[in-house]
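Notes for the one structure printed next.
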């Protein structure tokens, strides 16, 4: 018997800014509907009626089932309500009900000033800059210019330095990560960072690191000498931890942590350092 195919239903998200928050919110809702095949499509930076009219033409032509929106302008809100009614596409205002709730209980009036979104855009720009910095300082790149780094991750190969760096960069932190190998000399870079509270040394149980590296072998094509040898990995981890103690770096054990958990721990530690420093 042929498997029944589930038709994809498209959901439009209209925003006058990046639309990232609305996208995450709608995605969280759709995860509760596993039987449906849903696709969220963003139409962001819609700031006037001409752009909104153009977007609605695309939505109507694309056969979208639903519309969510996160616009602040009353004109755009009214425009979406009118056009969605004309096109017979249900629309829901993600900012309206929460704002009404705040107005009612805080007894304040909103400014409805779209210019306030520039603050959001500044945050967005900061994240883009952080991503660019982190990419340029990945896996030992840019060692001669670490002054701009807010966080520096150090550890043996395959200890999740790069994905953790990217996750932190998405949150706006400029991150550099440096791989360390016993047989490779990186000059005075590490000793120059002695006592630096921006530095976090990654460690991991050797058995777990061996497991991770074994999975990596098909991608590498070749196996570096000692790369998956458990005895050598034990020596490597012990050597790394000794270095962390020598240079007085904060040690983070990633063995049983997801990347998100590791990033959250580092963020808490770096914010604590900033408050103290």
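The values are calculated or read from the model by the stated rules, or taken from the named source; none is laboratory data. All figures in this text were calculated on a predicted structure; none of them were measured in a lab. Glycine also receives a Cβ, built like all others from the backbone with ideal geometry; neighbour counts cover every protein chain displayed.
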Exercise for the section: Within segment 13-29, identify whether any single residue is touching a helix residue (DSSP H, G or I) at 6+ places or on another chain (Cβ under 7 Å) and farther than 21 Å from residue 124 by Cα, and answer yes or no. Expected result: no
Completion exercise
Selection from segment 181-239 of residues in a loop (DSSP other than H, G, I, E, B), over 26 Å from residue 151 (Cα atoms) and modelled with pLDDT under 85 yields 221, 222, 223, 224, 225
Completion exercise
When segment 12-60 is checked residue by residue, the ones that are surrounded by fewer than 18 Cβ atoms within 10 Å (Cβ to Cβ) and under 13 Å from residue 83 (Cβ atoms) are 49, 50, 51, 53, 54, 57, 58, 60
Problem - Yes/no for residue 228 being within 12 Å of residue 157 (Cα to Cα), surrounded by 12 or more Cβ atoms within 10 Å (Cβ to Cβ) and in contact with a helix residue (DSSP H, G or I) (Cβ under 6 Å, 6 or more places away or on another chain) - result: yes
Exercise for the section: With respect to residue 237, determine if the residue is within 14 Å of residue 159 (Cα to Cα) and surrounded by 12 or more Cβ atoms within 10 Å (Cβ to Cβ). Expected result: yes
